[in-house]
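Read the structure below first, then the notes.
Nothing in this text is a laboratory measurement; each read-out follows from the coordinates by a stated rule. Just so we're clear, the structure is a prediction, and the values are computed from it rather than from any experiment. Virtual Cβ from ideal backbone geometry, glycine too; neighbours counted across all protein chains shown.
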Amino acid sequence: MNDVLTVHGGTPLVGSLAVRGAKNFVSKAMVAALLGEGPSVLRNVPQIRDVTVVTGLLELHGVQVEDVQGPESELRLDPANVDHAHVADIDAHAGSSRIPILFCGPLLHRLGEAFIPDLGGCRIGDRPINYHLDVLRQFGAVVDKMPNGISLKAPNGLQGTKLELPYPSVGSTEQVLLTAVRAEGVTELRNAAIEPEIMDLIAVLQKMGAIISVDTDRTIRIEGVDRLSGFTHTALPDRIEAASWACAALATKGDIMVHGARQTEMMTFLNVFRKVGGELDIRDEGIRFSHPGGALNSLVLETDVHPGFMTDWQQPLVVALTQASGLSIVHETVYENRFGFTAALRDMGAQIQLYRECLGGRACRFGARNFQHSAVISGPAKLHGADITVPDLRGGFSHLIAALAAEGTSRVRGIGLIDRGYEHFQTKLESLGANYERG
Ligand code: EPU
């Protein structure tokens, strides 16, 4: 019953909360600590399940992880005794996250071999790891697929190389960075992703002693070095969590001050929020997002890699768009299957149609294939309560927003998934005046 919330909707969410470090940076910086000769200190770490999973994997490999509670929310990571882990122990983490794949490069440098369990993460598309394995092979790794994971060896060490990604994948860019910094010679990566979380990872690696430059055409050049030290770093804020609360304010006609939200990484989102009709108050300490009353505007939008509109902002925004007047079109170009969550919204009264065609923008790589990756949302729709099961992290949060915006009572099952990426979300909901019970 812990995994169910009974939500009584129809009350605006009003109040303030704080976001901490970005989930999609913190977990990678923790892996980077494996590369250092000395201990690292990471600050502004949120208490979310992805951090627990990476902590477990690091500890299995001999890294001492100390969770220092307090205002700095600090992790101390000491890789002095990095060692092989038992395959059975690693396997116990199978399916819990996508981060294990990023252990490959650091473990190959430290131990000459690595075993990576089958990956988890949200089911929002196929999410293959072919780019990861291709780049690791190009560095000189020997990759063997096993029944329960992947085994890698680097009998002759890892060498810098020239690479080009078929698509600017975030994880594959991070894979290259975490591998190239200690590889022999120079690595050049074309068509790299340059999300703010990646730039913060580059900042961490530079603090450790790496030499990395980013060209204007998204080519990243890394000069391998012999040794790296530990780092001390404060994680950039979680712009996905901040935008999720912003959409909750819009959808529920509320007013939420998000302490810690930062304008620079959110400019694309902030433009969209304003165009839809939301009101912004951008301050040094955070951003206040509110619904000014009256009608919201529909719009046409497509998701993209940075500096485009993030795919992770799409799901909560769609809930807000169900309340906008007229037809909105959203074209998802990053994941082929990220509209599955709209079925539950339809059950709640939203008017959303999915299409295989690329609507409203340019043609994307999913266009000529069989994926429903464009959505037409007609609003404003009166949402009513329903029984919902959370499908994935962002989709789940979006269902929760919809339940809070809807008239009547909803039962939301599987809310444990939301803990993967939203720190203390129930406490935050309470502070915003949400009306719900556990169970
Ligand atoms: N792709 C491949 N082959 C690969 C890797 C990726 O085809 O080997 C494809 C994917 O299937 C997808 C596209 O490339 O269509 C982009 O995927 P990417 O590698 O950029 O995603 P990721 O690194 O697996 C991270 C975040 C996601 C976020 C994406 C895009 C983490 C742990 N996850 O995933 O976050 O949506 O980048 O920004 O950093 C979330 O937080 O809820 C989440 C899903």
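Just a few scattered comments:
- Only alpha carbons enter this Debye calculation for segment 148-203, each as an equal point scatterer, and the log10 of I(q)/I(0) it gives at q = 0.13, 0.18 Å⁻¹ is -0.37, -0.67.
- What the Cα atoms of segment 268-316 give is an Rg and a Dmax of 11.8, 32 Å.
- Equivalent ellipsoid semi-axes - Cα gyration tensor, segment 342-402, angstrom: 24, 14, 9
- Built amide H within the under 5 Å cut-off of Met257, gap 5+: Gly15, Ser16, Leu17, Phe289
- Within the shell of other residues whose beta carbon sits under 14 angstrom from the beta carbon of Gln47, the net charge comes to -2, with Lys and Arg scored +1 and Asp and Glu -1.
- Net charge contributed by nearby residues that have their C-beta within less than 10 Å of Ala368 (K/R +1, D/E -1): +2
- Close amide H partners of Met146, meaning residues 5 or more places away or on another chain with modelled amide H under 5 Å apart, are Ser151.
- When Rg and Dmax are taken over the Cα atoms of segment 255-404, they come to 15.1, 45 Å.
- Taking the average, over residues, of other Cβ atoms within 10 Å as the packing measure, peptides 146-156, 415-425, 173-183 rank 173-183, 415-425, 146-156 from highest down.
- Ranking of Asp215, Asp50 by count of other Cβ atoms within 10 Å, fewest first: Asp215, Asp50
- Where only DSSP H runs of four or more residues are counted, the chain gives -8500 deg cm²/dmol as its mean residue ellipticity at 222 nm, each run worth -39500 (n - 2.57).
- Cα Rg over Rh - segment 23-234, Kirkwood: 0.93
- Note on Thr264 and Gln426: their simple-model spin labels are 3.7 nm apart, each label 7 Å out from Cα toward Cβ.
- Label separation (Ser229 vs Asp347): 5.6 nm, computed from points 7 Å beyond Cα along the C-beta direction.
- Label-to-label distance for Ala295 and Arg356 is 3.5 nm, based on points extended 7 Å past Cα in the beta-carbon direction.
- Diffusion coefficient, µm² s⁻¹, Stokes-Einstein with Kirkwood Rh over alpha-carbon pairs of the chain at 4 °C and 1.567 mPa s: 58
- Ratio Rg/Rh [Cα only; Rh per Kirkwood] for segment 175-236: 0.94
- For Gly286, nonlocal amide neighbours, meaning residues 5 or more places apart or on other chains whose placed amide H falls under 5 Å from its own, are Gly260.
- Annotation: the residues Ser298, Ser431, Ser244, sorted from fewest to most other C-beta atoms within 10 Å of their own C-beta, follow the order Ser431, Ser298, Ser244.
- Extension reserve of the Gln47-Met146 stretch, reckoned as 0.36 nm per residue once the Cα distance is removed: 32.4 nm
- The Cβ shell under 11 Å around Met146 holds other residues with a net charge of -2, Lys and Arg each +1, Asp and Glu each -1.
- Cross-link partners of Lys207 among lysines, defined as those whose alpha carbon lies under 23 angstrom from its own and excluding same-chain residues fewer than eight positions apart: Lys23, Lys28.
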